[in-house]
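Notes follow once the structure below has been shown.
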Amino acid sequence: MRSSSPEAAPGRLRRSDRKRREPPPFPAQQMFVLDFNITDDPSKISVYAGMVTSAFTLAEFATGVLWGRLSDRIGRKPVLLSGLAGTALSVLIFGFAPSLPVALFARALGGLLNGNIGVLQTTVAELVTVKEQQHTSARAYTIMPMVWCIGSIVGPMIGGALARPCISYPELFAKGTIWDRYPYLLPNLFSACTVAFGVIVGLLFLDETHAKKKLQRDRCREVGDRIAAFFSRAGSCKGRAPEKQSLLHDSSPSGYSSISSRTPSLLSEDDEPLPSYKSQESSPKLGPSKVSAASAITRVQSERQPKMRIFTRPVIMNIMSYGILAFHTMTFDQLFPVFLSTSPPDHPVQQLPFKFVDGFGLDTKTIGVIMSAQGLYSLFSNYLVVAPVTRRLGSLRLFRLIAFSYFSLYLVTPYLVLLPESMRMPAIYLLVIWKCTFATMAYPSNAILLANSAPSKEVLGTINGIAASTASLCRALGPTVSGFLYALGLQTGYSGLAWWFSGATTLVGAYLSSQITEGGYKSAASDEEEESLLDSMVDEYDEEESV
């Protein structure tokens with residue numbers, strides 16, 4: 001076995017360092033690369049592992065805008081489910097990969113087929129439609145970070161337990177079987193099955209949020225309603241009482257036909273159709289004026305549409321701020337474990353204030369405990385801290401406060417190595433709390449501001465797709481640049497070089513945050529005002545027509 005050879009000892013140490021450096025999306029990614037027998041050079045193993053990691057991010061950057069625009073055309077639900085299906089396919093190919101090129105192809109395919117980040121943010125923004133409601137429902141924007149934290153904690157545990165089953169569980173998985181030939185198939189198969197289950201749940205129970213597509217019939221959703229009704233038939237959540245149902249379905253006066261009465265299967269009894277110009281079709285019939293009214297509405301709509309600009313100044317400022325935030329936060333996530341694992345040199349350099357080299361030299365177990373504490377505190381912060389602080393300060397004020405404060409975080413971090421031994425661990429945990437608090441509040445605030453800056457909900461998918469692509473590119477560049485600067489800093493005696501570069505980047509983000517304004521697409525109230533204005537215009541048109 002390669003793991004028992006003398007040459008593998010430094011490789012194992014380097015792989016553990018690399019694993020701490022980049023929490024892999026798949027279990028034991030560096031060991032996976034090493035099993036391809038490409039090289040025994042630890043530095044090259046790290047390069048190949050980085051290629052596997054970057055393949056997904058760069059591919060996601062290439063297609064994020066495409067998926068966002070597609071969700072504006074066909075709806076959010078099809079794109080979300082297609083992304084999940086693409087993820088399941090890519091992890092299966094990755095599990096069966098016999099060589100590095102196939103593994104790279106699998107990861108790139110996963111990035112190409114998975115544009116869910118921007119579409120998910122769009123879905124949340126459409127569920128929380130009113131600007132004032134977004135400030136009071138900031139918790140909705142913490143759902144994705146919370147789920148991400150849970151996955152980052154549970155995923156590596158499951159992946160590590162299922163990887164190389166013939167070695168870990170020889171009594172269940174015999175040598176010479178498919179599990180021996182593909183030692184990382186089992187965790188990826190488990191991941192694919194989990195994602196496939198998510199696709200089924202989404203088909204049956206996920207509602208479409210697109211303003212127009214949500215009114216179309218969804219047969220899978222109807223099946224899901226029947227399944228839910230079957231299991232809750234004896235419960236108290238059966239729906240409205242029969243007398244209320246009869247009022248809805250049987251008491252429509254003649255001459256009137258609401259959307260819900262014309263298509264009862266499209267909307268649940270508790271849903272209200274989104275205000276739309278098309279609702280004029282369900283008004284009392286006006287004889288010869290019907291065609292005139294419809295043509296007037298169509299003409300007003302066609303006159304208004306060319307005037308809408310997607311990339312307004314608030315949209316551009318928010319997208320750039322999102323990219324800067326993704327760049328330096330990902331840099332911290334990738335660099336911090338390396339910073340903790342760096343061993344102190346034989347002759348430490350201390351020529352303050354800027355020239356110094358030292359290290360913590362923490363082992364894998366200690367760093368794992370710190371990373372676990374980081375994930376647990378992120379859950380706590382997302383659940384209990386973000387919503388009340390956002391309600392208190394508002395999204396814009398909170399985002400600006402964090403953007404201007406981030407510089408101090410990166411300025412202080414490299415100086416932790418100069419603390420006395422007894423103060424190092426408390427300082428590390430305080431730094432983790434500081435970083436997690438900022439990150440868990442910055443991302444939801446930026447998401448709210450980006451949603452509010454959209455000129456229309458109909459283009460929100462495109463905007464979030466571009467934002468996701470920008471963030472993916474920055475996440476790919478951040479670790480690469482920071483790794484190069486960290487190595488350069490250790491060689492030249494300026495070990496804080498990478499951290500201070502990230503701090504300088506935050507200054508750019510702080511300036512951009514000062515240029516952000518709270519804009520937004522029109523709320524339900526403004527839609528009603530505009531609809532009443534159109535009604536008056538149509539009435540005037542009808543009067544002139546009759547004269």
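For residue 209, the amide hydrogen comes within under 5 Å of the amide hydrogens of 76, 77, counting only partners 5 or more places away or on other chains and with H modelled in the peptide plane. Backbone N atoms of segment 333-355 closer than 20 Å to the 7 Å Cα→Cβ label point of residue 481 belong to residues 333-339. Sorting 424, 233, 391, 400 by solvent-accessible area of protein heavy atoms yields 233, 391, 400, 424, largest first, with a 1.4 Å probe. Across segment 427-441, rounded Karplus estimates of 3J(HN,Hα) from the backbone phi angles (6.51 cos²θ - 1.76 cosθ + 1.60, θ = phi - 60°) give 5, 4, 5, 5, 5, 4, 4, 4, 5, 5, 4, 5, 5, 5, 8 Hz, Gly and Pro being marked x. The translational diffusion coefficient of segment 342-410, from Stokes-Einstein at 10 °C and 1.306 mPa s with a Kirkwood hydrodynamic radius over alpha carbon pairs, comes to 102 µm²/s. Backbone amide hydrogens, once placed in the peptide plane, bring residue 349 within less than 5 Å of 357, excluding anything fewer than 5 places away on its chain. Rolling a 1.4 Å probe over the protein heavy atoms leaves residue 443 with an accessible area of roughly 60 Å². Placing 313, 181 in order of accessible area, with the largest value first and a 1.4 Å probe, yields 181, 313. Converting phi to 3J(HN,Hα) with the Karplus coefficients 6.51, -1.76 and 1.60 and the offset θ = phi - 60°, segment 482-498 yields 5, x, 5, 5, 5, 5, 5, x, 5, 6, 8, x, 10, 5, x, 4, 5 Hz in sequence order, with x at every glycine or proline. The modelled label-to-label distance between residue 37 and residue 172, using points 7 Å beyond Cα along the C-beta direction, is 2.9 nm. Here the extension length gained between residue 376 and residue 411 equals 10.1 nm, from 0.36 nm per residue of separation less the Cα-Cα distance.
Cross-link pairs exceeding 23 Å in C-alpha to C-alpha distance, out of 435/457; 213/457; 77/435, comprise 435/457; 77/435.
Stokes-Einstein diffusion coefficient for segment 467-509 at 25 °C in a medium of 0.890 mPa s, Rh from the Kirkwood formula over Cα pairs: what value in µm²/s? Roughly 223 µm²/s, to the nearest whole number.
Each peptide among 154-160, 449-455 gets the average number of other Cβ atoms lying within 10 Å of its residues, and from highest to lowest they stand as 449-455, 154-160.
Each principal axis of the Cα atoms in segment 178-229 has its own extent, and those three values, largest first, are 50, 25, 11 angstrom. The order of 347, 328 by accessible area, most exposed first and with a 1.4 Å probe, is 347, 328. Placing a label point 7 Å from the Cα of residue 393 along the Cα-to-Cβ direction, the residues of segment 360-382 whose backbone N falls under 16 Å of that point are 381-382. Using a probe of 1.4 Å on the protein chains alone, the accessible area found for residue 343 is around 80 Å².
The values are calculated or read from the model by the stated rules, or taken from the named source; none is laboratory data. Computed from a predicted model, the values in this text were never measured in an experiment. We place every Cβ from the backbone using ideal geometry, glycine too, and count neighbours over all the protein chains shown. Heavy atoms of the whole protein, side chains included, go into the accessibility calculation; ligands, DNA and RNA do not. Shrake-Rupley method; radii C 1.70, N 1.55, O 1.52, S 1.80 Å.
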